[in-house]
Every structure is written in C-alpha cells, then in structure tokens.
Amino acid sequence: MSAHDSPVPSPFAGLGRGLDRAVTRGMNTVTGGAIAPYQSAIVRIGFSLTWLLFLLREFPHRVELYGPDAPWSWDLAKQLVAGNHAFTVLLWTDSRAWFEIVYAFAIVASVMLLLGWRTRTASVLFMIGVLSLQNRSVFEGDGGDNVIHLMAIYLVFTRCGKVWSLDRRLAVRRAAKAADVGGAADLGKATEAGADPVGIALWTVFGVALLAASLAGKLSTGWALLFWAFWLIQAVWWAVRRVAPGEPHTVLDIIADIVHNGAMLVIVVEVCLIYSTAGWYKIQGGAWQDGTALYYPLHLDDFSPWPALSHTLAGNDLAVMLITYGTVIVQVAFPFTLFNRRVKNVLLVAMMLEHASIALVLGLPFFSLAMIAADAVFLPTGFLVWAADRLLRRLRPGGGRPAAVVHEQGAAGPEQDVRPEQDVRPAGPADPAVGPPQTGAVT
Amino acid sequence: MEPFEGPPPRTAALSTPGRIAVAVAIGTVAVGALFHLGMVFLHVAPSNTLSKEHTQAVSDYVYPEFEQNWKLFAPEPLQQNIHVQARAEVRGTDGNLSTTGWVDLTGQDIDAMRHNPFPSHTQQNELRRAWSFYTDTHDDKEQPNSGDRSDMSRTYLQRIVRERFGPRLNGGDVVRVQARSATTPIPQPSWGGTRQPAPGTVYRELPWWPVNAAPAAQENAS
C-alpha cells in the first residue's frame with residue numbers, strides 16, 4: 001500500500017517472450033524425434049493382437065461373416081458400397097478362393113504388425129485387411145470393430161515399430177555384426193549400409209499388385225493416390241538412405257517424425273473423443289441419471305453369457321448405482337485428467353479394469369481388448385518399460401540378463417533408419433518440454 | 001528459464017531448403033490433423049450452428065471410414081429383450097402344406113453364447129443388427145421408408161431366416177418363411193421403479209416371404 005506511486009507490474013509482462021519460448025520448444029519437440037515410441041508400440045501390439053485373435057476366433061464362422069454367400073450377400077454388399085464408397089478388396093470378385101486369400105492375408109498382416117516385421121509395410125497391409133473385411137459386412141460389427149477400424153488407419157502414419165519389434169531386433173543384430181567386423185559401432189551406419197534385397201522384392205511384388213489393381217480400375221482415385229504415394233515413399237526412403245545419407249536423409253527422418261507425432265496426437269484425441277461422447281450421451285439418459293442403467297444390460301440376453309453372475313450383480317442395488325455413476329464420471333472426466341499425471345493414471349487403471357470386466361460379464365472380449373489397447377496410449381513410459389522387462393525376464397528361463405529393449409537407445413527398423421544419438425525418452429519424471437495433451441502419451 | 005536443456009534441435013544444422021521442407025511438413029501435418037479432428041468433433045458433437053451449416057461436408061468426410069459409433073447403452077440402455085423368431089411353410093413328400101411352430105432364432109444364438117467367453121459376431125450381432133436395420137427402414141405397417149436401404153434390410157433378414165432353416169425341414173421343402181419379433185420388457189429393478197410397469201411380450205409379425213423367388217434377382221430387376 002505504501003508503494004502506490006510505483007505502477008503494479010503487469011501480469012502479462014513477458015507473455016510474448018514466454019509464448020515465443022513455448023512455440024520454439026513445441027517445434028523442437030515435434031521435430032526432435034518420434035514422441036512416445038513405447039506408447040505407439042503398445043497400441044500397435046494391442047490392436048494387431050486383438051484383430052488377430054478375432055480372426056482366429058471367427059475362423060469357423062468366416063464364411064457366414066464375410067464369404068460371398070454370407071447372409072449379407074456379395075450383391076447386397078456391392079450395392080451398399082456403391083453408395084458409400086467404402087474401401088474393400090473383397091468385392092473385387094465374388095470368388096470363394098479370393099475370399100479365402102483375403103482372410104488369410106488379413107491374418108498374415110496382423111502377425112506381421114504384431115511382431116513388427118517390416119512395420120511400415122505391415123501397417124498398410126493390416127489396414128487393407130481390416131477395412132476389406134469390416135467394410136464387406138458392416139452389419140456384423142460393433143463398437144470394437146469401429147475402434148479397430150479407426151486405429152488401423154491411424155497406425156499407418158505412426159513409426160510404431162521403433163521399439164518392441166523384429167525390425168528393431170534385426171537392426172541391433174546387424175549393428176552388432178558390423179561392429180564385430182569393421183569396428184563401426186554406429187547403429188545408424190550399420191543399418192544404412194544394407195541394400196535390403198527382401199525389401200526390394202516385397203516392394204516389387206506390391207508394385208505389381210498395385211499396378212494390376214489400378215489398371216483393372218478397382219481402386220478409387222483417393223485410395224489409388226494413397227497407395228501409390230506409400231509405394232513411392234518407400235522407394236525414395238531407400239534411395240535417400242543409400243545415395244544421400246546426409247542432410248536429405250535427416251530431413252526425411254524429421255518429416256517422418258512429424259507425421260508420427262501428428263498421428264499420435266490424432267490417436268490421443270480420438271480416444272478422448274470416444275470417452276467424452278460415450279459419457280455425454282449417457283448423461284442425457286434417465287437411467288444413467290437415476291443410477292439404474294447398469295441393471296438393464298445385465299438383463300439383456302445378447303450381453304449376458306453368464307446369467308447367474310449378471311443377475312447377482314444386477315440384484316445388488318448399491319453396486320449397480322456405484323458402477324453406473326462411476327462409469328459416467330470416469331468417461332466424462334477422463335480427458336481433463338490428462339493435465340494431471342497422477343489422477344490420469346488412477347482413472348486409466350479404473351477404465352482398464354472396467355473394460356476387463358465388460359469382456360467377461362457382457363461377453364464382449366474383443367471390444368474390451370480393443371478399448372484396453374486404445375487406453376494403453378496413455379500408459380506411462382516407466383510402467384511400459386518395467387512391464388516389458390518383467391515379461392521378458394519371465395519368458396527367458398535364464399532370467400538375469402536385462403531385456404534388450406530397455407537399454408537400447410534410439411530405435412528403428414531397416415525401413416525406418418536408426419538415429420543412435422537421439423535419446424528415446426527415458427523412464428522417469430515427465431519431460432518438461434511436452435505439454436498436454438501429449439503429456440498423457442509421453443509420461 | 002535458461003536455454004533449453006538437452007542437445008541442440010535437429011533442425012539447427014539444416015540448410016535453408018531443408019528447413020523449408022520441414023516447415024512445410026509441420027504446416028501440412030498440423031492442418032491435416034486439426035482438420036481431421038475438427039471434422040470428427042463436429043460429427044460426434046450435438047448438432048450446432050457450425051455442424052448444421054456443414055452437415056453434408058462433415059458426413060461426406062466421416063463416412064464411411066471414420067464412422068464414430070459410441071452409443072452402446074446410451075443415452076438409454078435398451079430396456080427390452082428383442083427375440084427374432086421365425087416359422088416356415090413346408091411342402092411334404094405327399095404334396096401337403098404344413099406350417100411349423102415359431103422357432104426362436106435369437107434364443108438359439110443365446111444358447112450358443114451361454115457360458116462362452118468368446119461369443120461370435122454371428123451370434124451376438126447378426127440377428128440383432130439385422131433386425132434393427134429392418135425396423136429402422138420400415139414403418140410399423142411394414143412399408144419401406146428408406147428407399148434402397150429398406151430393400152437391402154428386408155433381403156438381409158430374409159436371407160438370415162432362410163439360411164437358418166435351410167432348404168429342407170421336417171422332411172419337406174421350405175416354401176415360404178415368416179419372421180416376427182418378440183419384445184419382452186426387462187422388469188424394473190425393485191429399488192428403482194420410477195418408470196412404467198412392464199407389459200407382457202409384444203409381437204410384431206412380418207408378412208410371409210416366398211423362398212424360391214431369389215431376392216437378389218428381384219433386387220437387380222427393380
């Protein structure tokens with residue numbers, strides 16, 4: 001009060017500078033490497049595993065679901081797709097053999113993506129498999145198929161094979177071999193040197209397939225552009241790696257990271273949108289307001305494979321009310337908890353447990369597994385690395401030896417190039433350079 | 001705050017063309033990601049001034065590949081069990097026609113799902129979604145009200161019913177089939193009975209469908 005002759009300092013002083021700094025920091029982050037390599041890997045593994053298990057489980061029912069003589073017949077599907085222009089290779093011909101080939105192709109693509117072998121290519125093949133089957137018979141799907149559908153598209157744009165992948169392992173092995181031979185301990189140099197004959201063979205095969213599909217007029221303009229672009233990018237990537245490993249390569253690498261980071265943002269926001277809308281729709285319903293909503297699905301015949309369990313739970317009024325309210329609260333609140341790491345992690349555990357219970361109680365195992373895979377994008381790096389380490393130690397009878405994935409820095413596959421100097425975000429405290437909403441994906 | 005921690009940014013060492021390429025990439029990805037998320041948001045958000053103005057553009061973008069369907073059990077969980085049932089008219093070897101009793105097709109699916117931790121989509125989704133597709137595209141007098149989609153939904157339901165019965169039944173040929181729904185409200189919870197008391201099972205009977213006339217051929221002709 002005595003200092004009323006000196007002006008009160010403006011709370012906005014330094015705002016411009018702070019903003020500048022934030023923008024610079026943001027730019028450095030999105031160009032500085034692939035954000036959240038472990039989270040993108042767990043999403044890749046989660047969704048490819050879910051779809052693989054689904055395809056194997058439905059193997060005896062595959063003809064009824066997607067075959068040319070399915071109740072949703074080839075003609076019906078053709079008619080519907082003619083109107084909405086959905087992508088599916090299954091409608092290229094109504095031959096039974098083609099259907100079997102596509103189903104097997106979808107299984108193989110899932111295994112490729114799961115293992116992270118030629119991850120970039122695998123992600124495109126996986127998307128083709130998912131879209132072809134789901135768009136062939138949309139009326140056989142549910143919410144679980146919907147999430148897989150979206151993530152199959154988004155994953156194509158991520159560098160999801162940087163860790164926990166065969167690509168990664170092979171790159172490490174090649175680097176070790178190179179170090180033994182020529183003393184070049186540089187992981188990056190070692191992978192850059194390879195001509196990659198298998199890659200060239202695959203690229204040629206897909207080029208021929210793509211050309212055939214294009215000439216036969218099977219692809220819409222948009223999809224043709226997308227697939228040809230992917231095919232060309234693979235060639236450019238290979239050529240630059242071989243011919244111009246200097247700056248052109250660095251620029252390509254940075255651009256790939258930028259695309260990855262954009263796709264991760266889309267995945268994170270998509271998961272938030274799923275929870276928000278599910279929560280907001282529920283709030284509008286009377287049964288969710290008076291706390292009885294859970295009671296009804298537990299009495300729906302289609303969703304109670306274990307009636308005794310369902311009816312016991314439905315008979316407990318307190319449990320029904322708590323779970324009904326809890327579900328809405330968690331779904332509506334989740335996106336906002338991303339600003340606080342601790343609260344976010346608590347809610348994440350709650351959601352994963354709820355989905356695990358849904359798998360059993362409502363008989364929706366693949367929906368639940370897909371949602372858990374989506375939730376996993378928000379798991380902390382420290383937890384993921386620790387869990388993988390535990391898992392690997394258990395799998396290896398010898399134990400002892402620390403898991404390779406944990407300590408190798410800077411990850412990539414033969415198609416993705418390795419930058420050993422770049423540090424994969426370590427387990428530990430939150431990276432201060434990354435603000436929400438990515439915080440959730442990174443920390 | 002002091003200068004940034006960690007190594008200098010990767011872009012620092014780039015030439016001008018390199019930096020331009022990176023800047024263009026950032027701009028393109030940012031615009032693309034925000035456009036995509038904006039469209040998806042407008043699609044899931046309640047109808048508002050912006051989404052009303054651009055309804056067509058939003059659904060053109062979102063359908064078919066970015067569909068968002070997160071309304072399971074919302075806003076109201078389904079409060080009734082809908083069973084699709086069907087019966088068939090069979091011509092025996094003696095040439096006489098006989099009609100079977102109603103067969104609970106949904107009930108058969110439920111039996112198959114019972115105590116099965118991995119129910120198949122063919123049991124859990126097929127009839128359920130086919131029936132709701134049919135009722136969404138037909139009025140309560142069974143008249144089509146959605147053009148081609150009505151025809152598709154009717155053909156689909158017919159094919160499911162015919163497939164479940166097969167071409168031969170009780171030693172005779174299936175001549176025609178008929179479907180109905182049996183809707184039974186779930187009894188109100190004893191502790192939260194704020195809504196109407198449940199009436200009994202309500203049936204919705206569809207017309208008889210001949211089996212021999214191939215619906216696919218009809219469709220192409222129409």
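Taken together, the values in this text are just the output of simple stated rules run on the coordinates, not laboratory data. Keep in mind that this is a model prediction, so the values were computed, not measured. Please note: Cβ atoms are built from the backbone with ideal geometry, for glycine as well, and neighbour counts cover all protein chains shown.
Things worth noting here:
- Here the residues A:M264, A:M321, ranked from fewest to most Cβ neighbours within 10 Å of their Cβ, fall in the order A:M321, A:M264.
- Average beta-carbon neighbours from other chains, 10 Å sphere, peptide A:281-292: 5
- Taking every DSSP helix (H) stretch of at least 4 residues in the protein assembly as shown, weighting each as -39,500 (n - 2.57) and dividing the sum by the residue count yields a mean residue ellipticity at 222 nm of -19000 deg cm²/dmol.
- Between B:L169 and B:V174, the built amide H atoms are under 5 Å apart, and every one of these is 5 or more places off in sequence or on another chain.
- Order of A:K282, A:K177 under a 10 Å beta carbon neighbour criterion, fewest first: A:K177, A:K282
- With a Förster radius of 35 Å applied to the C-beta separation of A:N316 and A:V108, the computed FRET efficiency comes to 0.15.
- The lysines whose alpha-carbon is closer than 18 Å to the alpha-carbon of B:K71, local same-chain residues fewer than 8 away aside, are A:K282.
- In region A:269-369, the chymotrypsin sites (Phe, Trp or Tyr not before Pro) that fall in loop regions by DSSP, at most 13 other Cβ within 10 Å: A:F339
- The 3J(HN,Hα) values that the Karplus relation (6.51, -1.76, 1.60; θ = phi - 60°) gives for region B:97-111 are, in residue order, 8, 9, 10, 6, x, 6, 10, 7, 5, 4, x, 5, 4, 5, 4 Hz. Gly and Pro appear as x.
- Degrees, to the nearest 10: B:16-44 long Cα axis against longest axis of chain B: 30
- Within the same chain, lysines fewer than 8 places from A:K162 are excluded, and of the rest, those with a Cα less than 24 Å from its Cα are A:K177, A:K189.
- Once the chain from A:A209 to A:A333 is taken as fully extended at 0.36 nm per residue, the excess over their C-alpha distance is 39.9 nm.
- Cα pair count fraction exceeding 18 Å, expressed as % - region B:10-62: 49
- Across all directions, the shadow cast by the convex hull of region A:9-73 built on its C-alpha atoms averages 9.2 square nanometres.
- Lysines with Cα under 17 Å of A:K218, excluding same-chain neighbours fewer than 8 positions away: A:K78
- Counting Lys and Arg as +1 and Asp and Glu as -1 over every other residue whose Cβ lies under 14 Å from the Cβ of A:S304, the net charge comes to -2.
- Sites A:F230 and B:R114, calculated FRET efficiency, Cβ-Cβ separation with R0 41 Å, nearest 0.05: 0.35
- In this label model, B:Q143 and A:V198 are separated by 6.4 nm, measuring between points 7 Å along each Cα→Cβ vector.
- Residue mean of other protein chain beta carbons inside 10 Å, A:83-91: 2
- Between region A:272-305 and region B:1-79, the alpha-carbon centres lie 28 Å apart.
- Amide H contacts under 5 Å for B:W209: B:V177, B:Q178, restricted to partners 5 or more places along the chain or on a different chain, H placed in the peptide plane at 1.01 Å from N.
- Counting all C-alpha pairs of the protein assembly as shown, share separated by more than 40 Å (%): 38
- In this simple spin-label model, placing a label point 7 Å from the Cα along the Cα-to-Cβ direction at both A:D389 and B:T93 gives a separation of 7.6 nm.
- Packing-based exposure ordering (other Cβ within 10 Å, fewest first) of A:T50, A:T327: A:T327, A:T50
- Whole-Hz couplings from phi, Karplus 6.51/-1.76/1.60, listed for region A:272-288; x for Gly and Pro: 4, 5, 4, 5, 4, 5, 4, x, 5, 4, 5, 3, 6, x, x, 5, 6
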